1. Cross-link partners among lysines for A:Lys362, C-alpha distance below 30 Å, same-chain residues fewer than 8 apart left out?
2. Tell me, what are the semi-axes, in whole angstrom and largest first, of the equivalent ellipsoid of the protein assembly as shown as set by the roots of 5 times the Cα gyration tensor eigenvalues?
3. Over segment B:198-289, what is the relative contact order in percent, taking alpha-carbon pairs closer than 8 angstrom and at least six residues apart?
4. Using modelled amide H (1.01 Å from N, peptide plane; none on Pro or chain starts), what sits under 5 Å from the amide H of B:Leu152, excluding residues fewer than 5 places away?
5. Just tell me how shielded A:249-262 is by partners: mean number of partner chain Cβ atoms within 10 Å of each residue's Cβ, no decimals.
6. Just counting partner chain Cβ atoms within 10 Å, what average do the residues of peptide B:93-102 show around their Cβ?
7. What are the ³J(HN,Hα) values, in whole Hz, obtained from phi via the Karplus relation 6.51 cos²θ - 1.76 cosθ + 1.60 with θ = phi - 60°, for each residue of segment A:594-604 in sequence order, with x given for Gly and Pro?
8. How big is Rg to Rh over segment B:274-362, alpha-carbon atoms, Rh as the Kirkwood inverse-mean-distance radius?
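Read-outs: derived from the displayed coordinates by stated rules, not from any lab. Predicted, not measured: the structure shown is a model, and the values here were computed from it. All Cβ positions, even for glycine, are placed from backbone atoms using ideal geometry, and neighbour counts span all protein chains on display.
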Amino acid sequence: MALLANGAFAQQEQVADSVIQLSEVIVSSSRLESYATGHFAYSIDSTQKQLLINGSVSDVLRKLGIGHFRSYGVGGVTTASFRGSGASHTSVVWNGVTLQSPLNGQTDLSLIPAFLIDDITIQAGGTVSLYGSGAIGGTMSLHSRAKFNEGLSLQSANHVASFGNYFNGIAAGYSNERWCFASKAFHISARNDFEYRNKYAVPSKNETRQHNSFEQWGILQEADVRLNHDQSAGIKFWYQDNHFEVPNSIAVARTSQATQRDQFYRSVATWRLDKSHNHFSYRFNHVAHLLDYRDPYTSTSSLSRFESFNNTLEHVASIGNVIEATSGITNIHESSTAVEIAGKPSRNRTALYTAWMYQLKKLKTTLGIREEIVGNEFTPVAPSLGLEIHAGALTPFLSVTRNYRIPTFNDLYWNDAGAHGNKSLKPELSWSEEAGIRIHRKFWQAQMAAFNSLVDNWILWSPQGNFWTPGNIRQVWSRGLESNASIQLPLGSITSELSLRYSYTRATNRRVYDNSNSELGKQLFFTPQHEGTAMLRTQWRRVAWMLNGTYTGKQYTDGSNNEYFAMKPYVLVNSWLTYGFMHKHYSADFTFECNNLFGQYAEARPGYPLPGRNFRLGINFRFTKPNQK
Amino acid sequence: MSLNFRSLISVCILCSLLFCFQSCDNSQEPELPRGATGFFIVNEGGFGNNNSSLSFFDRGLQKVTNNIFEAKNARPLGDQAQSATEFEGRLYVVVQNSGKVEVINSDDFSSVATITDGLQSPRYFLGVSSTKGYVSDWGSDGLTGTIKVIDLNSLKVTSTIAVGKGTNHMILKDNKVYAANSGGFGRDNRVAIIDPSTDKVSQYITVGDNPVKLQVDATGNLWVGSAGFLAFNPDFSIDTKNSTGSSISKINSENKELIRFSYLVPTYGTISALEINKGGNTLYYIYDNAIYSLTTDANVVPARPFIAKGYYGISVDPFDDSIIACYAPNFSGPGKIDIYNPGGGLLSSFDVGIAPNGCAFR
């Protein structure tokens, strides 16, 4: 991890590093990201992530104003939504392992601590041809990177923050020319008992958030080995245990008693053979997740478990210097058990995919296609086309993709006294188009894209007769604009960078196939039309300062866009001050963070307040001893 | 520093984009139909989403105005509005999950008071006298049912009467208050009789399991709609052995059950409403995804539904006997009221708030 004292804007260096040292770095997942041509992409540089090492991946992205996240506040289930897409429309991939739950199709990002992840790449727009079912709104790729011949490193991170929030993490790594080991462990606990003004009370009054704590701990173990000059292998094992108190809305008279426990194992083993023009890889992974939700008030005790096994064989060929082709076959066997699901449903999914990248002078073209068989049914064919023209500082780009999402186990098989799944659901199906431009100048860069996406057969649950049941009842049209720009402002020994982001998202019900005609043409709820971020980063010697403001536009909370229920727009301003220190093999940095600087009242959703002004103090310590070379 | 003019312009444009997208707030206050003759529609909202609301149907204009509470009082109504009752110029809106009763002026919808003290999970209001009201409450566990006695002058809770499990709908008959113990999250099978002069339960009448709604007919009989009790097998099919079906009981002035109309085979769609026309001789109820009607002199339950469509709630307009059926296509978007004539013919439909569950008349 780049230390701030080494330069706050290490992003370019880092990227350059990984390119130059490609032979030194083993990327254990496939490099499918590089085929995502013609899409708007976000990257989170290591210094930004390092600043936010104590939280979850969604905390990092939310504070940096990247993407849109839906949650009920601090801690607890958080899902990403790109371009107005639904909670199950973002594919989250950890070292090639798909993390979406087969039960609900979602990935809870609050369960992914930033400490365990080396880098995060986010790409907006649908890319099912590369990532498979569910990648309709965007894809989030999370990686660990094994670096050989780095010697010994030890790291600790200790943070304390407002409302009884404590983070402790330790990491140890050792690598020589042949072996690379890394271990990480963390523990987070938070009471989250912040004060807020309850505007639902009459008259409004100050209260303290009740039943809002959480605790998480986990370990990640990684080992990689170079078997010989062209073969390598690696394993990763991740275990985590998470306890959340699930609070009520502050408009509810009762204090909640509901709790949720998520316990999971994720493991992946890879083998690679790298020949000069041919690369083969095999990946096996296993995911098991236990979710235990209890609410004594409603006598709910819902225990569910899912498990998936995934085998992937992939081949990458370089043809001349102009074509690179990746082809693979992947098989997923997923199963689940839940109190509300009869039997133990399982399904076998096999997909064939191929992606071709063709670089002819300034024109880069990618073509991808995926066909999947779920059980004995074929999903719709998902092709993709991407174009980029590298014309000096300007890179115009374009992409067209077809995407799908297969129904989840809950959608298909749920069965309790009040709700029944629907076995005749069809996959959601979308076409997405995008066109944009990237500008790269010496001191500034910008990126802008317009997008258009039509998702048909959108699955929603609604009451039908005596039961709730899901149906393919919406066609949703999303269109809009994403843009970002950054400019470097060097001034003597002070380096500064100003970054701006803005997105416009219009996501409306274009067709409704049930009886809710009053929702026709209306913006989807919890989908702001306008979002923006302004961020200033300044570095002077060993001191770095970062200030950012994120704007979240008005959000409707109901299907008819009722103004009375709409959530007001808000701006949250956060600031960080860091001092870095280095001595021989030792380095340390101290971070002071202030969130919601102006104590703005904001809600994650109606009745779920976000904390007011709050603080964090953190120390990251690192010892490195390179190998004698 | 090689910042040229073009770059500066680009940055400026992006800056202005970022800071100029404060969207215009076009929430104008709707024109409120003051004093008009009509009725209120209670929109329950999505559980936990704080989007309950009140609508008003103007009979003369044949027009619905939504969000009348928010428009007048500039604050949300709360979470899970269960019922509303008009009494002596005030509307008492019982907001269950918010644990409160919002009291508003029936004519101009302005807030009079918010009653919260001691309310846990309130369900219905009943005006007992011009100085006393009762609010039934399921209790914090959904089992410890009580009636909170409200002083209608101070609008404060003055005492609590222990009644049974899940105390629900109440009705005043012969100077006695009858309260249905719906079981709440459990099981009960009694209608309590309370003497409002002493605020004490004087007697219980045993009826079918989990009575939810009460009506009085033209001859003074009490009618009790009971949901029945559902027990489930591990696969959530109905455990018929340990379940009871819905039923309707007819009880005479001596508090004796005269007849019980019982559905012998329990279904998921239990009786959830019981309404009566202004002549007091025809009852309407929701059962198994349809509306049924039952005349007060009937001997058997009707074989066929009156309206074969699933509704979330019904009310009968005491003005013209039209049946107002409340439709909730989901719990996140607007519902509808369908107005039927007493013959079952659809007269009109109006968009209302989220999950309408019933009406209050003035």
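1. Answer for A:Lys362, where 30 Å is the Cα cut-off: A:Lys275, A:Lys442, listed by chain and number.
2. 57, 30, 27
3. 26 percent
4. Distant-sequence amide H within range of B:Leu152: B:Lys132, B:Gly133.
5. 4
6. 3
7. 10, 9, 6, 3, 9, x, 5, 7, 9, 10, 6
8. We get a ratio of 0.96 for segment B:274-362.
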